[in-house]
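J.: The structure is given below, and queries will be raised subsequently.
The values are calculated or read from the model by the stated rules, or taken from the named source; none is laboratory data. Here the structure is a predicted model, which means the values were calculated and not measured. Note that each Cβ is placed from the backbone with ideal geometry, even for glycine, and that neighbours are counted across all protein chains shown.
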Amino acid sequence: TRLILATRNPGKITELHAILADAGLDLELVGADAYPEIPDVKETGVTFAENALLKAHALAKATGLPAVADDSGLCVDVLNGAPGIFSARWAGTHGDDRANLDLLLAQLSDIADEHRAAHFACAAALALPDGTERVVEGRMRGTLRHAAVGTNGFGYDPIIQPDGHEVTCAELTPEQKNEISHRGKAFRALVPVVRELLG
Ligand code: ITT
Ligand code: NA
């Protein structure tokens with residue numbers, strides 16, 4: 001069976017392939033980029049879970065195949081959870097990781113180390129063409145640096161230092177990041193649900 005990865009974010013696709021391959025699912029994983037004719041769904045939800053479900057349902061409905069989706073973001077304590085669901089377009093242009101990260105650093109420039117707590121959140125949704133849906137969430141807590149460090153990963157990885165680590169997410173290997181990340185946790189929690197519903 002095919003399982004659609006309902007995302008067009010290359011960083012997510014790389015991580016999802018690794019996380020789901022480790023789970024040993026007997027499924028062919030295909031990114032949404034294999035279906036360029038299917039338009040992006042409007043992320044009108046107000047939570048990560050709502051947006052992940054919107055994306056998974058859109059692909060499942062359009063392809064007639066089961067689909068998983070990820071909605072994720074960085075939630076900063078001192079900003080009351082922002083950028084949150086707006087993480088991908090914090091500086092205005094969707095997916096401009098560098099601009100988003102630079103703006104956030106500028107907004108936090110006066111904030112001292114002890115007030116720079118944040119977490120990554122990820123909602124992992126599964127939708128079937130018949131409308132069946134499941135969603136689970138994962139989080140990774142950390143502290144925000146004052147400048148970007150590291151070149152691995154994507155998005156805000158260069159500015160977050162996960163709790164219990166001395167380096168940023170962008171300095172971790174992909175394996176190390178997946179082990180502790182919001183995405184790793186969410187999709188590992190989704191695997192038994194995928195097994196149950198897809199066999
Ligand atoms: P799709 O909707 O196609 O999946 P997207 O990039 O638009 O891709 P989101 O709306 O979920 O996805 O936005 C997620 C943003 O949150 C992403 O652009 C990053 O800036 C940030 N983000 C999420 N997970 C991250 C991670 O593991 N490392 C760094 N930044 C992350
Ligand atoms: Na998005």
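J.: Pick out the one residue from 91, 56, 121, 82 that is in contact with an Asp or Glu (Cβ under 8 Å, 6 or more places away or on another chain), surrounded by 15 or more Cβ atoms within 10 Å (Cβ to Cβ) and closer than 17 Å to residue 143 by Cα. Steps first, please.
T.: Numbers: 91 fails: closer than 17 Å to residue 143 by Cα; 56 fails: closer than 17 Å to residue 143 by Cα; 82 fails: in contact with an Asp or Glu (Cβ under 8 Å, 6 or more places away or on another chain).
Result of the check over 91, 56, 121, 82: 121.
J.: Within segment 58-83, track down each residue that is within 13 Å of ligand 1 (Cβ to nearest atom) and in contact (Cβ under 8 Å) with a residue 24 or more places away in the chain.
T.: 58, 59, 67, 68, 69, 70, 71, 72, 73, 74, 75, 76 - these are the residues of segment 58-83 that are within 13 Å of ligand 1 (Cβ to nearest atom) and in contact (Cβ under 8 Å) with a residue 24 or more places away in the chain.
J.: For residues in segment 1-20 being more than 18 Å from residue 120 (Cβ to Cβ) and under 17 Å from the mean Cα position of the chain (by Cα), which is surrounded by the fewest Cβ atoms within 10 Å (Cβ to Cβ)? Give the steps one after another, and end with the answer.
T.: Step one: list which residues in segment 1-20 are more than 18 Å from residue 120 (Cβ to Cβ), which gives 1-6, 8, 17, 20.
Then drop every residue that is not under 17 Å from the mean Cα position of the chain (by Cα), which leaves 4-6, 8, 17, 20.
On the way: 4: 25, 5: 23, 6: 30, 8: 15, 17: 13, 20: 20.
Per the stated criteria, the residue is 17.
J.: Still on this structure, please answer the following. Return yes or no: is residue 171 of a type outside the set (A, V, I, L, M) and more than 13 Å from ligand 1 (Cβ to nearest atom)? Before you say what the answer is, go through the steps one by one.
T.: Values: of a type outside the set (A, V, I, L, M): yes; more than 13 Å from ligand 1 (Cβ to nearest atom): no.
Here the answer is no, as residue 171 does not meet what is asked.
J.: Something else now. How many of the residues in segment 63-81 are out of contact with any strand residue (DSSP E or B) (no Cβ under 6 Å at 6 or more places or on another chain) and in a loop (DSSP other than H, G, I, E, B)?
T.: Selection size over segment 63-81: 2.
Okay, residues lined up against (1) away from ligand 2 (no atom under 15 Å from the Cβ); (2) at pLDDT below 95:
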residue: 1; (1), (2): yes, yes
residue: 6; (1), (2): no, no
residue: 14; (1), (2): yes, no
residue: 19; (1), (2): yes, no
residue: 25; (1), (2): yes, yes
residue: 40; (1), (2): no, yes
residue: 45; (1), (2): no, no
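J.: Among the strands (runs of 3 or more DSSP E) contained in segment 84-199, which hold 3 or more residues that are in contact (Cβ under 8 Å) with a residue 40 or more places away in the chain? Steps first, answer last, please.
T.: Values: elements: 117-127, 133-144, 160-162.
Where strands (runs of 3 or more DSSP E) fall fully within segment 84-199 and carry at least 3 residues being in contact (Cβ under 8 Å) with a residue 40 or more places away in the chain, they are 117-127, 133-144.
J.: Residues 29, 20: which one is more than 9 Å from ligand 1 (Cβ to nearest atom), part of a strand (DSSP E or B) and under 19 Å from residue 185 (Cα atoms)? So that I can check it myself, show each step before the final result.
T.: Details: 20 fails: part of a strand (DSSP E or B).
29 is the lone residue from the list that is more than 9 Å from ligand 1 (Cβ to nearest atom), part of a strand (DSSP E or B) and under 19 Å from residue 185 (Cα atoms).
Rundown of residues vs (1) within 16 Å of ligand 2 (Cβ to nearest atom); (2) of a type in the set (A, V, I, L, M, F, W, C); (3) in contact with a strand residue (DSSP E or B) (Cβ under 8 Å, 6 or more places away or on another chain), yes/no style:
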position	(1), (2), (3)
91	yes, yes, no
101	no, yes, no
106	no, yes, no
116	no, no, yes
129	no, no, no
138	no, no, yes
142	no, no, yes
161	no, no, yes
